[in-house]
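The values are calculated or read from the model by the stated rules, or taken from the named source; none is laboratory data. The structure presented is a predicted model; accordingly, all values stated were derived computationally and were not measured. Glycine gets a Cβ as well: all are built from the backbone with ideal geometry, and neighbour counts include every protein chain shown. The protein model used for the area step is the full one, side chains on, heavy atoms only, and it has no ligands, DNA or RNA in it. Shrake-Rupley method; radii C 1.70, N 1.55, O 1.52, S 1.80 Å.
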Amino acid sequence: MRLTGNIRQYDDYNVTSPPSDQGLFNPGTSGFGLNSSTAAAADCSIVGHNVTTDAATTCAAIAKSLSVNAYPQKYNISEYSVLTSNPSLATCDISADSILCLPQECTTYTIATNDTCDSVAVLAGALAGTTVTTTQIQSFNPDLGTYCQLMPLRVGKQICLSPNGGFPKIGATAGAQPSATPTALAPVPTPTISGSTSACGRWYKVQSGDICQTVALKNSVALTDFLTLNPEIDNSCSNLWLDYYYCVAPFPPFASVTASPIITTNYSSATIMSYTIPTANYTPTTYLVALTTAGVEAPTNVADGTRTVACGNYYNVQDSDTIDSVSELVGVNSTELETWNPELNSGSLPATGSAICIVFPMGNYTLVPLAPPINAYPNATAACAQYYTVKSGDGCSSIAAEFGLTSSQLSLLNPGLKTDCTNLILGEAYCVFPTYPISNIDTGTGIPSNVATGTITDGCSEYYTVISGNTCVSIEAKFNLTSAQFLTYNPEIAADCSNLQLGLAYCVKANVTTGHPTSGPPTNLASGSLSNCTEYHTVVSGDSCPLIETMYSIAAGDFFRW
């Protein structure tokens, strides 16, 4: 198999031209994507180069070795990137004379049996020539899953240990000098992005090869401050626009205190920014954020039964598709696909051309409750992400089947609704999808419907619902807890217990531990962690960075630095 085409080598990545109304199909990415039915071809000159196959081939063959313009060349990319860079491909069986867009090369690795993201990250440090974290491995290879749970299904496949195009070449130069602090507002240049603050003392025009980190380094501004000044930039910096201006220094500076401007008729618009300056003994407050129920807009051809709540991407069923082939294509096993597409319980896909959800929350997630509609059943659980209004001809069994529930689960989500359905009311809206996994709907051993937002749900084995007269002290005494334990299990509660809420359920028993001082580094010390630390913590099920930071009263910046 020979590929022909024009190759351009790039050190630049991450900067894009202003987006059109359409985008690349990118299944399996963290966050929420775009509908594949409206995907447009990428401008390949930005992300890599075009090649044309002269014989039938596969993603694996292309990823591992290419022959371009009759000159043998090994071009290392992941199999997954071949598929996602070419939205016209339905499978990895590629026909002759196909024009493909291939990304820039990365440091590659073939997954072995028993590999995990953690073990691969340790190995990647040597192969990629720099420290690589588990999170980076997952970001380079979204097909491994949100929690790297799909690694065992990828044994034998080639993945990336570095970004396509390699890590950016950044560092100190002889001529680098700190930028001066602005002394006045800078004129707003053209073009700028909608969303950047107008309270700006210096602007910077994005150059080819820039990423958010390099922009921050070039202008001596903290990355967090750069994102604060330009809140329209997403967390992955995927929408940084080439040749546009961004604010890189506020005026007045963040560290100064000035009076708020007086708005007069001379102003056409104004942005007032206010920040609390941390003191030396500042203790951060952290919160666990629930997943949004928004997702992306559902297409008009969405299949009957497919959930549109928090769905981040849809896939149009093709003629030759099966549940197994779609599962392999999008990197989600068939059992997980059924959680957001209950109609797949029948064992077959919906009609060709129908759209099913392929990107959705997995694990022990918590969605944001939906505001009850005006016709909501009065006893429906408050922890509800989706309601259904009863129509003529409906019954409990038909409603339960449509939304992947049992009749018992439907009754548990709507207390007072009889399992024999004799009191189902026409025109009323009943809860058909909770804010927590359906598998946790039971008679009391799972996550209660009134669990407080922020309370841990992964690892908690007992909850308590606050009643009149309760305080943190009385709850701690009732369940033999220390204050540190109670706040660890429920990190959203303020230290003075001022936001404990009547009627909400809080965790009072869990397998989360609090760690202990050691005389030296433990044998299970994570790669990259300091070895001269005075105290270590072994991660257990249910842990998260905010949880650990709250447990030890440390700032997020210090935790990542150590």
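Things worth noting here:
- Diffusion coefficient of region 341-441 by Stokes-Einstein, Kirkwood radius over Cα pairs, 20 °C, 1.002 mPa s: 148 µm²/s.
- The heavy atoms of Ile554 present about 30 square angstrom of accessible area, all protein chains included, probe 1.4 Å.
- Accessible area, probe 1.4 Å, largest first, for residues Trp203, Trp340: Trp203, Trp340
- Taking all protein chains together and a 1.4 Å probe, the residues Met151, Met362 rank Met362, Met151 from largest to smallest accessible area.
- Among residues other than Tyr314 with Cβ under 13 Å from its Cβ, the summed charge is 0 (Lys and Arg +1, Asp and Glu -1).
- Ser408 - accessible surface, heavy atoms, 1.4 Å probe, Å² rounded to 10: 60 Å²
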